[in-house]
Amino acid sequence: MPKKGTKKGKSADDEPKEQNKLPEHLEVQRTRVVCKADAPTEGFQYAGAFAAMGIDNSVSVDKFCKNFKVMVNRLTEDDMEFDMIGIDASIANAFRRILIAEVPTMAIEKVLMVDNTSVIADEVLSHRLGLIPLDADPRLFEYISENDVPNERNTIVYKLHVSCKRGSPRLTVKSGDLEWLPEGSQLPLASPAQSGDKQKTYTSFGQSQKDIFEKPLGVKFKDITIARLGPGQAIELEVHAVKGVGKVHAKWSPVATAWYRMLPEVVFREEIRDDAAEKLVKKCPVNVFDIEDLGNGEKRAVVARPRACTLCRECVMGPTGEQVELRRVRDHFIFTIESTGALPPEVLFTEAVRNLEEKCERVISELS
Amino acid sequence: MNAPDRYERFVVPEGTKKVSYAQDTKIMNAGSFTIEREDHTVGNILRMQLHRDPNVLFAGYKLPHPLQYKINVRVHTATQSAPTQAYTQAINDLDKELESLKEAFENEKTRYDEMPKQGY
Ligand code: SF4
């Protein structure tokens with residue numbers, strides 16, 4: 001199928017680049033957001049914005065693929081920072097929204113309380129339990145719906161049985177005290193009809209989860225405080241964890257945070273020298289500026305670390321307001337993902353992309 | 001109590017279509033799409049992608065109400081195109097872009113993983 005977008009992109013690209021240049025102030029308007037002391041100024045984004053000057057502002061798939069770039073800056077077990085260059089804010093935002101609300105994880109959903117004599121109320125305790133990150137890969141599980149029987153493919157069962165003896169000091173219950181039950185629930189549902197029958201419980205596991213999953217499905221962090229018990233108090237309960245998405249409840253969100261910011265760009269409209277330069281360097285809380293020695297006692301301010309800029313706008317308020325210009329690059333995003341531990345951050349991002357692709361497919365296949 | 005059921009946020013109710021299209025009665029080549037159970041995530045990128053199409057004269061979306069889980073996308077195109085065509089094209093393009101984005105990301109990840117091995 002000949003694509004009009006593709007054709008259009010070609011013809012625009014084939015033309016010599018020089019001819020296609022906007023005057024500088026308009027180019028800044030097209031590719032940057034300028035941050036004044038009071039508010040940022042917006043530019044134009046649609047395809048024909050600069051058509052009168054013979055500039056094609058439309059973006060075809062080809063153009064996109066050619067210009068798109070990623071750079072990983074930091075990647076650890078549970079946190080990652082990378083740059084995405086050449087995308088629109090709406091795509092970056094879609095990824096952020098999907099990471100926070102639509103990538104599934106496992107979280108504790110049901111708490112079967114047998115005994116709770118601690119000072120912390122049942123519902124508060126349940127809420128705390130729900131928020132504990134579990135070390136289980138959600139991709140290996142299925143969603144459970146209301147009428148489904150909990151089985152080894154959609155539920156993880158843990159039990160918590162702690163008590164503080166009389167006369168002993170206060171006891172802190174940590175998330176590490178949750179004990180994984182790979183065989184399923186141990187709480188009887190009803191007494192068996194005949195004495196020979198197998199005892200029915202709240203779950204019906206056909207197989208031990210130990211045989212299905214390679215590693216034990218524990219909690220991610222063993223040192224989260226769940227409750228404190230005084231002498232003579234006890235907690236006994238069983239919890240069922242299921243798969244879900246952050247949209248339904250934040251406990252299923254796979255990220256602590258996922259955020260992006262546009263790359264800051266600090267430029268001098270005119271040179272700043274000597275005392276003014278010293279003052280400017282002092283003013284910036286994150287040390288964006290440095291002093292350059294020009295010899296014979298003269299000094300000049302230079303922008304050394306623009307990436308660190310937080311856009312606090314301290315430098316555009318006050319005396320240097322006219323000389324410094326703060327901008328953000330419109331299509332360069334510094335994206336940070338902090339995982340809660342169920343999946344490593346880079347996997348989370350690929351999951352998010354896949355999720356968005358699926359969404360697109362759903363939105364199109366069902367038209368007609 | 002009277003809280004809406006959780007599943008209502010992503011299950012398309014029976015009898016309604018995921019996507020429906022309504023032609024505008026007064027303007028040629030204009031119409032609006034109603035997409036059930038979607039939100040700003042899809043609405044905004046769809047709007048962006050439509051804006052990139054030189055044949056699209058107008059494109060906008062709205063989420064009518066936070067408790068109505070659907071979006072309206074309104075499209076007005078030039079005569080050589082049609083809203084449905086622009087819509088299909090936009091999503092197909094988006095799909096391809098995401099595909100290449102994913103690939104670029106994975107390549108970059110392998111490159112990053114290999115960096116220590118090469119003695120950086
Ligand atoms: S905006 Fe703030 S952080 Fe950025 S360069 Fe100016 S003073 Fe420094």
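The values are calculated or read from the model by the stated rules, or taken from the named source; none is laboratory data. In this text, all values refer to a predicted model and were calculated from it rather than measured experimentally. Note that we place each Cβ from the backbone using ideal geometry, even for glycine, and neighbour counts take in every protein chain shown. In case anyone asks, the SASA skips ligands and DNA or RNA and just uses the protein heavy atoms, side chains included. Shrake-Rupley method; radii C 1.70, N 1.55, O 1.52, S 1.80 Å.
For the condition out of contact with any Phe, Trp or Tyr (no Cβ under 8 Å at 6 or more places or on another chain) and either within 30 Å of A:Asp137 (Cβ to Cβ) or open to solvent by 40 Å² or more (accessible area, probe 1.4 Å) (or both), A:Glu271 qualifies.
Restricting attention to segment A:61-84, the residues being surrounded by fewer than 16 Cβ atoms within 10 Å (Cβ to Cβ) and within 10 Å of chain B (Cβ to nearest Cβ) number 5. Scan segment A:326-342 and give yes if some residue there is among the polar types (S, T, N, Q), at pLDDT below 90 and more than 10 Å from the ligand (Cβ to nearest atom), otherwise no. Within segment A:326-342, not a single residue is among the polar types (S, T, N, Q), at pLDDT below 90 and more than 10 Å from the ligand (Cβ to nearest atom).
For the condition among the hydrophobic types (A, V, I, L, M, F, W, C) and in contact with a helix residue (DSSP H, G or I) (Cβ under 6 Å, 6 or more places away or on another chain), what is the one hit in B:Leu57, B:Leu67, B:Leu98, B:Leu63?
The conditions single out B:Leu98.
Filtering segment B:57-89 to residues that are at the interface with another protein chain (Cβ under 9 Å from one of its Cβ atoms) and within 12 Å of the chain's Cα centre (by Cα) leaves B:Ala59, B:Tyr87, B:Thr88, B:Gln89. Would it be correct to say that A:Val363 is facing another protein chain (nearest Cβ under 9 Å), closer than 25 Å to B:Asn72 by Cβ and not hydroxyl-bearing (Ser, Thr, Tyr)? Considered against the rule, which asks whether it is facing another protein chain (nearest Cβ under 9 Å), closer than 25 Å to B:Asn72 by Cβ and not hydroxyl-bearing (Ser, Thr, Tyr), A:Val363 comes out as yes. A search for C-beta distances below 8 Å between a residue of segment B:78-96 that is among the basic types (Lys, Arg) and any residue that is open to solvent by 10 Å² or more (accessible area, probe 1.4 Å), counting only pairs 6+ apart in sequence or on different chains, returns B:Lys96/A:Val61; B:Lys96/A:Cys65.
Can you find a residue in segment A:293-306 that is within 16 Å of the ligand (Cβ to nearest atom), more than 27 Å from A:Pro40 (Cα to Cα), open to solvent by 50 Å² or more (accessible area, probe 1.4 Å) and aliphatic (A, V, I, L, M)? No, segment A:293-306 contains no residue that is within 16 Å of the ligand (Cβ to nearest atom), more than 27 Å from A:Pro40 (Cα to Cα), open to solvent by 50 Å² or more (accessible area, probe 1.4 Å) and aliphatic (A, V, I, L, M).
State the number of residues belonging to segment A:222-259 that are open to solvent by 40 Å² or more (accessible area, probe 1.4 Å), over 30 Å from A:Ser168 (Cβ atoms) and more than 14 Å from every other protein chain (Cβ to nearest Cβ). Adding up the residues that qualify gives 3. Please determine whether any residue of segment A:115-136 is over 25 Å from A:Gly246 (Cα atoms) and touching a Pro at 6+ places or on another chain (Cβ under 6 Å). Scanning segment A:115-136, I find no residue that is over 25 Å from A:Gly246 (Cα atoms) and touching a Pro at 6+ places or on another chain (Cβ under 6 Å), so the answer is no. Of the helices (runs of 4 or more DSSP H) entirely within segment A:60-148, those holding at least 3 residues that are free of Cβ contacts under 8 Å to residues at least 12 places away in the same chain and closer than 26 Å to B:Leu98 by Cβ occupy A:89-101.
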